[in-house]
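Chemist: Dumping the structure here so I can ask a few things about it.
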Amino acid sequence: MVSRVVCPLILLLTGLLALVTCPHSKVEESFNLQATHDIFYHGVGPAWRSAIAQQKSESCSEVDDQSSDVCNELTANADLPYDHLQFPGVVARTFTGAFVLSSIARIISVIVPKSIFDLPSHPMAVQFLIRFELLILSWLAHVRLASSLEGYFAKNKQVKTPQFIFGYYLLITASQFHIPFYSSRLLPNTFALLLTTHAYAEWFNGRPDRTAIYLVFTTAIFRCDVLLLLFTVGLTMLIRRELRIVQAVIIGIVTGIIGVLITAPLDSVLWQRMVWPEFEVWWFNAVDNRSSEWGVMPFHWYFSNALPKGLLLTMFLVPLAFLNLIGWTKEKPNNNTVIDHTLLQFFISTFGFVVLYSFLPHKEMRFIFPALPMFNACAAYGLSKLHAMAVTARKGAGMSFISKGLYFCGLMAVVITMIGSLLFLRLSMENYPGGAAVEHLKNHFEAATEIITQQAPKWEDVHVHIDVAAAMTGVSLFGQRSVTQHYPIQMSKSGYEAENDAKYSSRSYTHLLSEEQSVQGYHVVDTIEGFPSLDKRNLRIVTNPAIYILERDGWLPREYITRGIKRKLNWCHIVIALSGFIIVAMGLQKFIGRTKTHMF
């Protein structure tokens, strides 16, 4: 019973640790993060009104009535307060996940009295809350999968059910780096991982139709590449006659249409054009094959690099799931087969997904996130077998010593994996120099407030430029708002789009957040370290200058230059985290009890 409480809380704590120690986000997460900011603070109203105005404008053009008052009042899209219209990126992405999270945050901001805590006036707390919401949703999905996995073994009468498989799945997942770290990060891959985890849970619960529904929804809304997983899982279900062909076709068509109807209207309004984002992504990757512009890896990369890095030593537990270890400790084994087929059908589907994805030249670890829960389920089953061997081995026999030694090695694999993951987390803390630069700039302004109040120039004359390197390593609209709401300054940033490739000489900036140390007419007031690496010889983390805060010469007397201001601890984050943790811990027992009751 203790493991049913402790292990879920360990997974939640590892996710919270990653959230608190790495509060900023990188370029892969920037779209959804900026989208949650815009929807939370501006809503969908401006985009909806602009879409209606566009329709009126087209009507005006058709009737050639440009002199009417209605036509003269139409405004351009450039006036819309949305980041994605200025920085559209390579392909359109869906706003569905960002809309759900920001809506929850807006509801919370309405419920909590402003006299107690005015959430909108604390942008970084809003950012933290939105990421915390995603963390809780992801965590609940893994707890549900663990319960479903345990229930699957309880129903399988041919298997001596390992009683700790629920806790082992969560413990193994918590010991790794990627799932706890990315569970609170607003990547499309994280939303896809959340839904595919539920899909696996439904499959273990004996509801393959719901598994197919989850996978189709995920493919249509968040990640078109989940189509590969849908293919391998669906093929397995058809071969094993868990689904009929007609049933599978109906589920695919109906669920696909519903998914498009959910995502396309919202995205079309916010993108100001008719769009189904994941279809554009599929066309970009599959038809145009342009993803290779971001790098090409060999076919074996997922197996030789990504999975070993993602699983670390727990990968050695995976093969044990397919060996009949428990029978080895008994005088009369129940069967003579060496292969354990209990999870084989599930694993082959996931393994096939990784194989198919390996044909795509461009590879990233996050692309195979949907495979990790199934690998962890197999690792948990393997560790449970070692546990069963250690418990059931005859006392005093040589087999008892070997069994307990193997179980100890299995536990040590989990412990060492967690140590390695903590090292990865420590390295990641230095990976967001752009976000840290905004905090340092705000601290610099706080230190300079007195002199700026007494002397010219005024705050209205301050204009900060953020270059591409800073924007890609942690600068967010939440961070910018945390500065501009205290100081009436202007902040603008560059992008890799040609129209957003700003030059320092094009405007009169007073401050620069730049990867360039030497810019004529400016001097460095602070340096933010980044590019972390592990110095194995001296056993320390080495960083190098990544982002410089530069100030225009003569803007402030040199004696007011501040250097090396450390990031202040934001107590709002800790209050939100602790409050959420207490609420979740109180409701955990009830949630697990209801889940088991529903399963059985």
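Chemist: Of the residues Leu228, Leu243, which is open to solvent by less than 60 Å² (accessible area, probe 1.4 Å), in a loop (DSSP other than H, G, I, E, B) and in contact (Cβ under 8 Å) with a residue 12 or more places away in the chain?
Modeler: Answer to the check: Leu243.
Chemist: Could you please let me know if Ala201 is over 24 Å from Thr473 (Cβ atoms), open to solvent by less than 10 Å² (accessible area, probe 1.4 Å) and among the small types (Gly, Ala, Ser)?
Modeler: yes
Chemist: Within the range 205-216, work out how many residues are surrounded by fewer than 24 Cβ atoms within 10 Å (Cβ to Cβ), part of a helix (DSSP H, G or I) and in contact with a Ser or Thr (Cβ under 6 Å, 6 or more places away or on another chain).
Modeler: Qualifying residue count for the region: 1.
Chemist: Since Leu33 meets every condition but one in (1) open to solvent by less than 10 Å² (accessible area, probe 1.4 Å); (2) of a type in the set (A, V, I, L, M, F, W, C); (3) touching a helix residue (DSSP H, G or I) at 6+ places or on another chain (Cβ under 6 Å), which condition does it not meet?
Modeler: Leu33 satisfies all of (1) open to solvent by less than 10 Å² (accessible area, probe 1.4 Å); (2) of a type in the set (A, V, I, L, M, F, W, C); (3) touching a helix residue (DSSP H, G or I) at 6+ places or on another chain (Cβ under 6 Å) except (3).
Chemist: Related question: Among what's in the range 95-124 and is over 22 Å from Leu270 (Cβ atoms) and of a type in the set (Ser, Thr, Tyr), pick the residue that is least open to solvent (accessible area, probe 1.4 Å).
Modeler: Ranking the candidates gives Ser121 first.
Chemist: Mind checking whether some residue in the range 125-136 is open to solvent by 30 Å² or more (accessible area, probe 1.4 Å) and within 30 Å of Ser494 (Cβ to Cβ)?
Modeler: Scanning the range 125-136 turns up no residue that is open to solvent by 30 Å² or more (accessible area, probe 1.4 Å) and within 30 Å of Ser494 (Cβ to Cβ).
Chemist: Which residues, counting only those in the range 249-265, are crowded, with 19+ Cβ neighbours inside 10 Å and not hydroxyl-bearing (Ser, Thr, Tyr)?
Modeler: Ile251, Gly259, Ala264
Chemist: So Glu150 passes all but one of these: (1) over 30 Å from Val27 (Cα atoms); (2) surrounded by 20 or more Cβ atoms within 10 Å (Cβ to Cβ); (3) modelled with pLDDT of 95 or more. Which condition number does it fail?
Modeler: Among (1) over 30 Å from Val27 (Cα atoms); (2) surrounded by 20 or more Cβ atoms within 10 Å (Cβ to Cβ); (3) modelled with pLDDT of 95 or more, Glu150 violates only (3).
Chemist: To continue, here is another question. How many residues does the range 499-522 hold that are part of a strand (DSSP E or B) and either among the polar types (S, T, N, Q) or at pLDDT below 90 (or both)?
Modeler: 1
Chemist: For Ile253, indicate whether it is farther than 21 Å from Leu145 by Cβ, β-branched (Val, Ile, Thr) and free of Cβ contacts under 8 Å to residues at least 60 places away in the same chain.
Modeler: yes
Chemist: Looking at Ile466, is it over 30 Å from Thr314 (Cβ atoms), open to solvent by less than 30 Å² (accessible area, probe 1.4 Å) and at pLDDT below 90?
Modeler: no
Chemist: So, one more: What are the residues in the range 269-285 that are without any contact (Cβ under 8 Å) to a residue 12 or more places away in the chain and either open to solvent by less than 20 Å² (accessible area, probe 1.4 Å) or under 24 Å from Phe353 (Cα atoms) (or both), if any?
Modeler: Hit for the range 269-285 is Trp283, nothing else.
The values are calculated or read from the model by the stated rules, or taken from the named source; none is laboratory data. Since the model is a prediction, treat every value here as computed from it, not as a measurement. No Cβ is skipped: glycine too gets one built from the backbone with ideal geometry, and neighbour counts run over all protein chains shown. Just the protein is used for accessible areas: all its heavy atoms, side chains included, with ligands, DNA and RNA removed. Shrake-Rupley method; radii C 1.70, N 1.55, O 1.52, S 1.80 Å.
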